[in-house]
Amino acid sequence: MAEDFVIEMLHITKEFPGIKANDDITLQLRRGEIHALLGENGAGKSTLMSVLFGLYQPEKGVIKKDGKEVRIKDPNDANRLGIGMVHQHFKLVECFTVLDNIILGVEETRFGFLRKDEARKKVVALSEKYGLRVDPDALVEDISVGMQQRVEILKMLYRDNDILIFDEPTAVLTPQEIDELMEIMRGFKAEGKSILFITHKLNEIMAVADRCTVLRKGRCMGTVDIASTTKEELSRMMVGRDVSFAVEKKPAQPGEPILEVENLVVPSKVHKNDAVKGVSFQARAGEILCIAGIEGNGQSELVYGITGLEKVTGGHIRLCGQDITDAPIRERSKAGMSHIPEDRHKHGLVLDYTLGQNMILQRYWQPQFQNHGFIRKAEVEQYAEKLIRQYDVRSGQGVDTIARSMSGGNQQKAIIAREIDKEPQLLVAVQPTRGLDVGAIEYIHKQLVAERDAGRAVLLISLELDEVMNLSDRILVMYEGEIVGEFDPAKTTVQELGLYMAGGKKQGEAKA
Amino acid sequence: MKKSRKPLSQNAALIGVLASLLSIVIGLLLGYLLLVILNPGASAKGMAAMLGTGIASLDKFGKVLYQAAPLMMCGLSVGFAFKTGLFNIGAPGQYTMGTFFALVCAIQFQLPWYLCLLAAMIGGAVWGIFPGLFKALFNVNEVITSIMFNWIGMYLVNLLIANMPTMLASAWGASNSDRTAALSSANPGAIIPKGGLDKLFGNSSWINISVLITIVVAIVIWVVLQKTTFGYELKACGLNKDASQYAGINAKRNIILSMVIAGALSGLGGGIYYLAGTVQYVIEKSVLAMGFNGIPVALLANSNPIGVIFSALFISYIQVGGAAMQPEYSPETTDIVIAVIIYLAAFALLMRGVISKAFANRKQKEAAKK
Ligand SMILES: Nc1ncnc2c1ncn2[C@@H]1O[C@H](COP(=O)(O)OP(=O)(O)OP(=O)(O)O)[C@@H](O)[C@H]1O
Ligand SMILES: [Mg+2]
């Protein structure tokens, strides 16, 4: 009669300065189920999971494991109870090898010396068993995010955890990797492991989860069975209104070319070959041009080249007719370029600055914000508050919030607000909606379309074919550093794009 | 939601101050333990001397201020560079160069004190620019270059002074040729004026306006870091290099500028100390400790320019007290004790974590009670 709950979190309350991140939340995890956790950006999902993992101590509430009350003071306690977590922003030691990262903290030693042979055997065995491909000897800084995530998963398995927390694991993965991860999660479930799974993508919840708990602004809105619910209902529960998944937009009316790229060559950081091999294209005013492709085919490097983060070794870039091939980043910015970067923590934010200070990261030098070299604090605050309100950036202390303490999705919203508000001629947006909730995605998509309609060029780099098909006016597919096809989203299919993305076809050759 | 007051436990500045105080107390306790071990009979008296001397007389307090001034400059130098993400271990070399430039202007060129101080800043800046250039252009770690330039600077200065006959005391009526001339005989106009402070401090022979100069400099540095776009850029570089590149901030230029400013600050420290007219530069084969002491001064203050004022005063206070512990304790042992106190005091960083934890625990217990 009593249900078999492996973990129960009862009436959890956790406060941060200025905000109740969790307010009387109850979450019960059945043994052997995949339990999704859904909620808007800043709803308190990561906080709740961090409480379970021992990173935060709740002010109120109890946690039970197998029906017995437990106190989890730190991640070591969590580990002893068999709880493991893959964090939203990975926590790996960059300059260590994969193997070292996996065994870090639970190293076996003999006479004070590491015994890595056995550890290696166990890691290799685990990785084969679950299909988690990793190279044990590669340095973490050299491997892709997908592999970094597999390392995080192996870390949990290596510790024999059977309660697995995944905090937005799919936000950083390619569609192919997401399918693999879903398979892996199903495998875990079949073995009787219990999984807590945070994601903003409703399709994924519908595909793998058994039940879903929905949070809104720190409160629990209830738990539903996936079998008896729909995407629409879930999103209504989460944001309190209907969300439209399709993007409404009028046909594009492209004008003058804004960005002209000619035979661009950008070297790779990982291998000796060039990552971008002589790419040419134009992005015109009033259109959303999308570069699609499987991760690692040179899209990132193409963006680095265009935005100036990386020196190009050949070709030309012109912005509004002005040659910016070798221009410093500030000059590009002045010439009208905005950039929503791929990695928000590395490039997008100074995490130890406040939200207000981050909002002027690209503009602090403009007369509006400084007077003879002195920052005009009042202006900055006013401006930041305007953006915060307009883009609904949620945080504990408004402009004074340290960016590091904000939820991942709200950090992303802050960056988007800053870059769009710069009123650029060209907006380079790399995975702009990564980590955003459905409501926020809807809003950002509208903003991107509005930018387009205002006569700006939007260069969108996205791995998500849904987004690509919905948003873009023109699609270029990139494969192994070259553009292999150009498509009109109205006249192509996801399947056709996939074929080109995988390198199975090339437009020039097809004609010949 | 605007301007809601932060709860006590979240106030980073308060935690910082508490952490510094706590580490000072621990440092003093350990220092006392050392005194007991080294000479149990005199330990109580020794400790009393160390803690009491600085305020025992106005003259001694004047000395505390006098010594604090150059320490403050070196602390500012290290702290400023640190805010930019650079570890300026080259303060001793910059300090020595500043000293040299100041003394050459004072003795060789007979310039007034303010021009000599300006020269000191230039000297320090010149010595700071090299590690900055190497770091910015060739990505050579500034710590390595700075350490090398400490030694190069010292030997170069010794070599130059030894070969400049007019610089030496022997040229100005004294007999020794291992040190620079006393300013009172070589150029009284180069001595930093006392500005009436000596009257306030019971005719203290130490005090001059340098401590006021350094406090003003500390405030200026604070303003630069907190209020200007330049400070915004520098701190961004220190906190996240990739993001500052993304923001179009010229990191190379900032690294060089930061080292130049840090060097100028250390150099000014050297000028201030040697233009007081109370000491002469002695040609010795060791890097001057004053620059190195800037490191604990900066650490204790968490690199905050205003905090540096107080941490420099504290360390100077301990040093003046330590000097009064003789003859019961030899100068070497007092040096060890002072070093223990100073370096433990620099544990402030560690203490910050401890205090935040303690706060958090208390808050939890209170919450649990409710
Ligand atoms: N360490 C912290 N200090 C202060 N505030 C915090 C901290 N961590 C989280 N918060 C605040 O708590 C709220 C909930 O954050 P949390 O990270 O749990 O959101 P989330 O549901 O995971 O959102 P997202 O989908 O964007 O990742 C946010 O408003 C955030 O600003
Ligand atoms: Mg989160």
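Worth a mention:
- Point-to-point label distance, A:ARG186-B:ALA56, nm (Cα→Cβ direction, 7 Å offset): 8.4
- In this simple spin-label approximation, A:ASP66 and A:ASN371 carry label points 7 Å from Cα along the Cα→Cβ vector, and these lie 6.8 nm apart.
- A/B buried area, accessible surface, summed, 1.4 Å probe, Å²: 2700
- Carbon and sulfur %, accessible surface of the range B:11-101 computed with the full protein complex present, 1.4 Å: 79
- Which of A:GLY44, B:TYR343, B:ALA91, positive extreme of dipole for the protein assembly as shown (C-beta unit charges): B:TYR343
- Given A:LYS250/A:LYS506; A:LYS64/A:LYS413; A:LYS129/A:LYS201; B:LYS83/B:LYS199; A:LYS116/B:LYS241; A:LYS506/B:LYS241, the pairs whose alpha carbons are separated by over 32 Å: A:LYS64/A:LYS413; B:LYS83/B:LYS199; A:LYS116/B:LYS241; A:LYS506/B:LYS241
- Surface accessible to a 1.4 Å probe, per residue, for the residues of the protein assembly as shown, Å²: 43
- Taking only protein heavy atoms and a 1.4 Å probe, the accessible area of chain A is 49% carbon and sulfur.
- Helical mean residue ellipticity (222 nm; -39500 (n - 2.57) per DSSP H run of 4+; nearest 500) of chain A: -9500 deg cm²/dmol
- Assigned charges on the beta-carbon of Lys, Arg, Asp, Glu; the range B:57-324 dipole about Cα centre (debye): 300
- Of all lysines in the structure, those lying under 16 Å Cα to Cα from B:LYS357, and not within fewer than 8 positions of it along the same chain, are A:LYS73, B:LYS365.
- The range A:23-94 and the range A:340-414: distance between their alpha carbon centers, rounded to Å: 30
- Projected label distance in nm at A:LYS91 and B:ALA44, using a 7 Å step from Cα toward the beta-carbon: 5.1
- The angle between the Cα long axis of helix A:145-158 and the main principal axis of chain A comes to about 10°, on a 0 to 90 degree scale.
- B:PHE109 accessible area, 1.4 Å probe, all protein chains in place, Å² to nearest 10: 130
- With the largest listed first and rounded to whole Å, the semi-axes of the equivalent ellipsoid of the protein assembly as shown from the Cα gyration tensor are 57, 35, 25.
- Per-residue mean of C-beta atoms belonging to partner chains within 10 Å, peptide A:330-338: 1
- Alpha carbon centroid spacing (whole Å) that separates the range B:29-66 from the range A:262-324: 67
- Chain A: angle of helix A:116-130 to the longest principal axis, Cα-based, in degrees nearest 10: 80
- Of the chymotrypsin sites (Phe, Trp or Tyr not before Pro) found in the range A:100-164, the ones in coil according to DSSP and having at most 14 other Cβ atoms within 10 Å of their Cβ are A:PHE111.
- Degrees, to the nearest 10: A:438-453 long Cα axis against longest axis of chain A: 0
- Cβ-Cβ FRET estimate between A:LYS422 and A:LEU126, R0 fixed at 56 Å, reported to 0.05: 0.75
- Most positive-pole-ward Cα, B:ASN139, A:GLN411, A:ALA21, against dipole of the protein assembly as shown from beta carbon charges: A:ALA21
- Within 10 Å of the Cβ of each residue in B:242-253, the mean number of Cβ atoms contributed by other protein chains is 6.
- For the protein assembly as shown, the Cys residues with no second cysteine's beta carbon closer than 4.7 Å are A:CYS95, A:CYS212, A:CYS220, A:CYS290, A:CYS320, B:CYS74, B:CYS237.
- Remark: mean inter-chain Cβ contacts per residue of B:230-241 equal 4, using a 10 Å Cβ-Cβ cutoff to other protein chain atoms.
- At R0 = 56 Å, FRET efficiency that the Cβ-Cβ distance of B:SER205 and B:THR228 yields, to 0.05: 0.90
The values are calculated or read from the model by the stated rules, or taken from the named source; none is laboratory data. Owing to the predicted nature of the structure, the values given are computational and were not obtained by experimental measurement. So basically every Cβ, Gly included, is an ideal-geometry build from the backbone, and we count neighbours across all protein chains shown. For accessibility, only protein heavy atoms count, side chains too; no ligands or nucleic acids. Shrake-Rupley method; radii C 1.70, N 1.55, O 1.52, S 1.80 Å.
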